[in-house]
Amino acid sequence: MQFQSLISPIAFALTAIVLFYCQTHRPDTDSPQSIPLNTTASPYTKVNLTPQENSTNPIKERATEDAEKPFRLSSRFHLKKGTDEGFLIVKFELPNKSYIYSLTQPEPFVKTKIKVTPSPHFSLTGKKSFTPDQKPKIIESDPDFGKRLEKHSGVVQFFIPIKLNQALAANDLTIQLEVDGQVCDETTCLPISGKKTTAKFAGFFDPTDKKSNATPKPTPKKK
């Protein structure tokens, strides 16, 4: 009898854990995490500091190769399989030791801004603001400025939910965007002013497909 009384609580606890896992790990059909980010190839536009911006840059000039060192900016949109809803994505690839400020960077530093050109062929849905795929690195009180800094470095992507008007096929739609802000390193900040990028359809995603988020494995070379 003592053995049976011990089994019962253990079985109940295991059942509760399994049920909790199933409820909290269901695929989120409205989450950008469902998009196959690691399997999408996109063209990139190199963005440099223009001569006009260089002449008006109040920061001390550096070597030409540093002042014109480009970051990579691209954009695309995906649709959820079987629907006309999805996500518009803007992607930054920043040089080593470089960063941009967050979308919520407090003044006096220049936060990153992404503007979507309106079109009758799609609409922004949800909260109608971009969300980064990673939280910025936050420095509550920078030792040099004594201010709060919110930085993104490396590769960062910004998402916003969209819905297409069925009057135009996804493959025929292009979405125009403009980016403002600045790219900084340890000593210099280069302004980004009205830099344009064009988003095109980059395929469907299935939020219920666990393989969609898997990083593709390299194919071994034949000897």
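Among the residues examined, PHE109 qualifies as farther than 30 Å from GLN166 by Cβ, surrounded by 15 or more Cβ atoms within 10 Å (Cβ to Cβ) and more than 20 Å from the chain's Cα centre (by Cα). Apart from one condition, PHE205 fits all of (1) surrounded by 13 or more Cβ atoms within 10 Å (Cβ to Cβ); (2) closer than 30 Å to SER141 by Cβ; (3) modelled with pLDDT under 95; the exception is (2). Note on the stretch 112-143: among residues that are hydrophobic (A, V, I, L, M, F, W, C) and within 15 Å of SER153 (Cα to Cα), the one that is surrounded by the fewest Cβ atoms within 10 Å (Cβ to Cβ) is ILE138.
Which ones in the stretch 134-160 are assigned to a loop (DSSP other than H, G, I, E, B) and without any contact (Cβ under 8 Å) to a residue 40 or more places away in the chain?
Residues of the stretch 134-160 assigned to a loop (DSSP other than H, G, I, E, B): 134-136, 140-148, 154.
Within the stretch 134-160, GLN134, LYS135, PRO136, GLU140, SER141, ASP142, PRO143, ASP144, PHE145, GLY146 qualify.
For the stretch 78-92, state whether one or more residues are under 15 Å from the mean Cα position of the chain (by Cα), surrounded by 13 or more Cβ atoms within 10 Å (Cβ to Cβ) and of a type in the set (Phe, Trp, Tyr). Yes, the stretch 78-92 contains a residue that is under 15 Å from the mean Cα position of the chain (by Cα), surrounded by 13 or more Cβ atoms within 10 Å (Cβ to Cβ) and of a type in the set (Phe, Trp, Tyr). Taking the stretch 93-128 as the range and being assigned to a loop (DSSP other than H, G, I, E, B) and either among the hydroxyl-bearing types (Ser, Thr, Tyr) or at positive phi (or both) as the test, the residues that pass are LYS97, SER98, SER102, THR104, THR112, THR117, SER119, THR125, GLY126, LYS128.
Restricting attention to the stretch 149-173, the residues that are out of contact with any Phe, Trp or Tyr (no Cβ under 8 Å at 6 or more places or on another chain) and at pLDDT below 95 add up to 4. Does the stretch 181-190 include one or more residues that are among the hydroxyl-bearing types (Ser, Thr, Tyr), in a loop (DSSP other than H, G, I, E, B) and crowded, with 18+ Cβ neighbours inside 10 Å? Scanning the stretch 181-190 turns up at least one residue that is among the hydroxyl-bearing types (Ser, Thr, Tyr), in a loop (DSSP other than H, G, I, E, B) and crowded, with 18+ Cβ neighbours inside 10 Å.
When you go through GLU61, GLU65 one by one, which is the residue that is in a loop (DSSP other than H, G, I, E, B), of a type outside the set (Gly, Ala, Ser), farther than 21 Å from LYS196 by Cβ and modelled with pLDDT under 95?
On the way: GLU65 fails: in a loop (DSSP other than H, G, I, E, B).
Exactly one of GLU61, GLU65 is in a loop (DSSP other than H, G, I, E, B), of a type outside the set (Gly, Ala, Ser), farther than 21 Å from LYS196 by Cβ and modelled with pLDDT under 95, namely GLU61.
The values are calculated or read from the model by the stated rules, or taken from the named source; none is laboratory data. Keep in mind it's a predicted model, so treat the numbers as computed, not measured. A quick note on method: Cβ atoms are made from the backbone with ideal geometry, for glycine too, and the neighbour counts reach across all protein chains shown.
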